[in-house]
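I have placed the structure first, in the form of structure tokens, so that the comments after it can refer back to it.
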Amino acid sequence: MLTNTILILNGKGGVGKTSLTANLAGLAARSGWPTLAVDLDRQGNLQRDLGYASGGGRSLVAAALGRGSVEVIREVRPGLDVIAGGRVLDELVAQMQVGLMNSKVSVLKAIEKALEPLASNYDVVLLDSGPGEPTIQAGAVRASHFVLI
């Protein structure tokens, strides 16, 4: 568990998870807290709300699968950095599901392991979860200290 991490979670789409994440991230950064927002949604809508261009989550998936490090998009707003999500998160879901089918429960730590090297650089890390993807949601819960439903 990453002690400075808050997961915004709900199994239903269209309930305001991304908007809440973007606004909380903006408020925290504006308050002077170095903030990281992580888009764990395959739709990648956080980029729409915050207005940045992304690589579609490739680096997050690579880091979670132990194939590289996470690319952080710096200073989307003053004091606010972002890790992009997108459709490539489907690859992470597939790999996590294969691991779970093979009784490798440790795959649920993939998101935590990807974020761990970065989390200490921030006062607040906010995770925006996508709807209806229980594997990513379980990994995000595992990584988070707090869950806002």
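The values are calculated or read from the model by the stated rules, or taken from the named source; none is laboratory data. Because the structure is predicted, anything quoted here is derived from the model rather than measured. Cβ coordinates were reconstructed from backbone atoms using ideal geometry, including for glycine residues, and neighbour counts include every protein chain displayed. Keep in mind that these areas ignore ligands, DNA and RNA; they rest on the heavy atoms of the full protein, side chains included. Shrake-Rupley method; radii C 1.70, N 1.55, O 1.52, S 1.80 Å.
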Which lysines does Lys104 reach when only Cα atoms under 25 Å apart count, and residues fewer than 8 places away in its own chain are ignored? Lys113
Per the helix-only model, the chain has a calculated mean residue ellipticity at 222 nm (DSSP H runs of ≥4, -39500 (n - 2.57) each, divided over all residues, rounded to the nearest 500) of -11500 deg cm²/dmol
What residue among Ala119, Ala140, Leu36 has its Cα farthest toward the positive end of the dipole of the chain, where the charges are +1 on Lys, Arg and -1 on Asp, Glu, each on the Cβ? Ala140
Protein-only accessible surface order, largest first, of Glu91, Glu133 at 1.4 Å: Glu91, Glu133
Please report the antiparallel percentage of DSSP beta bridges with both residues in the chain, rounded to the nearest 5. 10 percent
Dipole axis of the chain (+1 Lys, Arg; -1 Asp, Glu on Cβ), positive-most option in Gly79, Ser129, Leu27: Ser129
Rounded to a whole number, what % of the accessible area of the chain do carbon and sulfur atoms account for, probe 1.4 Å? 53 percent
Compute the distance in nm between two label points, each set 7 Å from the Cα along the Cα-to-Cβ direction, one at Leu20 and one at Gln43. 1.5 nm
Sparse-neighbour loop sites [trypsin sites (Lys or Arg not before Pro); the range 66-149; at most 13 other C-beta within 10 Å; DSSP]: Arg67, Arg87, Lys104
From a point 7 Å beyond the Cα of Asn121 in the direction of its Cβ, which residues of the range 60-75 have a backbone N at a distance under 14 Å? 60, 69-75
Cβ-based charge dipole, the chain, positive-most Cα from Ala94, Asn45, Thr5: Ala94
Virtual spin-label span in nm between Lys12 and Asp90, 7 Å along Cα→Cβ: 2.6 nm
Surface per residue (accessible, 1.4 Å probe) for the chain, Å²: 49 Å²
